[in-house]
1. Would you please put 3-11, 16-24, 40-48 in order of how densely packed they are, using the mean number of other Cβ atoms within 10 angstrom per residue and starting with the highest?
2. My understanding is that a pair violates if its Cα-Cα distance is over 18 Å; which of 44/82; 32/82; 40/60; 4/44; 4/82 do that in this structure?
3. Using only C-alpha atoms and all pairs of different ones, pull out the Kirkwood radius for the stretch 38-87 in Å with one decimal.
4. Rounded to the nearest 500, what is the chain's calculated 222 nm mean residue ellipticity when only DSSP H runs of at least 4 contribute -39500 (n - 2.57) each, over all residues?
5. Quick one: work out Rg over Rh on the C-alpha atoms of the chain, Rh as Kirkwood radius.
6. If I take every Cα pair under 8 Å that is 6 or more residues apart in the stretch 38-87, average their sequence separation and divide by the length, what percent do I get for the relative contact order?
7. How high is the relative contact order of the chain, in percent, counting Cα pairs under 8 Å that sit 6 or more residues apart?
8. Using 0.36 nm times the number of residues separating residue 83 and residue 7, minus their current alpha carbon distance, what extension gain do you get?
Amino acid sequence: MATKEEVEFLYDLERLLVTRRIEKPKGSYSTKLFKKGIDKIAQKLGEEAVETIIAAKNKKDAELIGETADLIYHMLVLLVEKEIPLDRVIQEMMLRSKK
Ligand SMILES: N=c1c2ncn([C@@H]3O[C@H](COP(=O)(O)OP(=O)(O)OP(=O)(O)O)[C@@H](O)[C@H]3O)c2ncn1[C@@H]1O[C@H](COP(=O)(O)O)[C@@H](O)[C@H]1O
């Protein structure tokens, strides 16, 4: 069972990334991505997806967890760049839920 902190973490990270996109502080990896724009962000998301698939096939759990974390982070950066709130995606998934 996830803790409240774990459940809210992605929303906290989303808020931080929105701030990074506006303020663009030096030394931030997210700033680097936002400055390069959608093509670079989409390219990184694709790379991370491929690395996740490779990790899944190699059946190394720790590696797969790490690559999935990279993938989700880059997905969030993409959504923030496109100004699509994470809520919108969650709502779409809830509409599909048969529960
Ligand atoms: N979750 C992440 C996260 N996951 C992965 N990464 C970065 O994603 C990069 C992926 O590694 P790669 O080797 O593919 O890329 P690279 O060679 O570093 O860079 P490229 O030139 O290929 O773009 C690494 O630099 C990781 O540090 C992340 N960077 C930041 N976060 C979160 O974002 C928050 C804000 O980070 P900053 O914007 O850096 O302050 C942090 O507190 C974290 O919570």
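1. Taking the mean over residues of other Cβ atoms within 10 Å, the ranking is 40-48, 16-24, 3-11.
2. Flagged as over cut-off: 40/60; 4/44; 4/82.
3. Averaging 1/r across every pair of different Cα atoms and inverting gives 11.2 Å.
4. Here the helix-only value at 222 nm equals -27000 deg cm²/dmol.
5. Values: Rg = 14.8 Å, Rh = 14.8 Å.
We get a ratio of 1.00 for the chain.
6. Details: 32 pairs, mean separation 21.4, N = 50.
That works out to 43 percent.
7. 28
8. Details: separation 76, 0.36 × 76 = 27.36 nm, distance 2.15 nm.
Here the answer is 25.2 nm.
Taken together, the values in this text are just the output of simple stated rules run on the coordinates, not laboratory data. Being a predicted model, the structure only gives us computed values, none of them experimental. All Cβ positions, glycine included, derive from the backbone under ideal geometry; neighbour counts span all protein chains shown.
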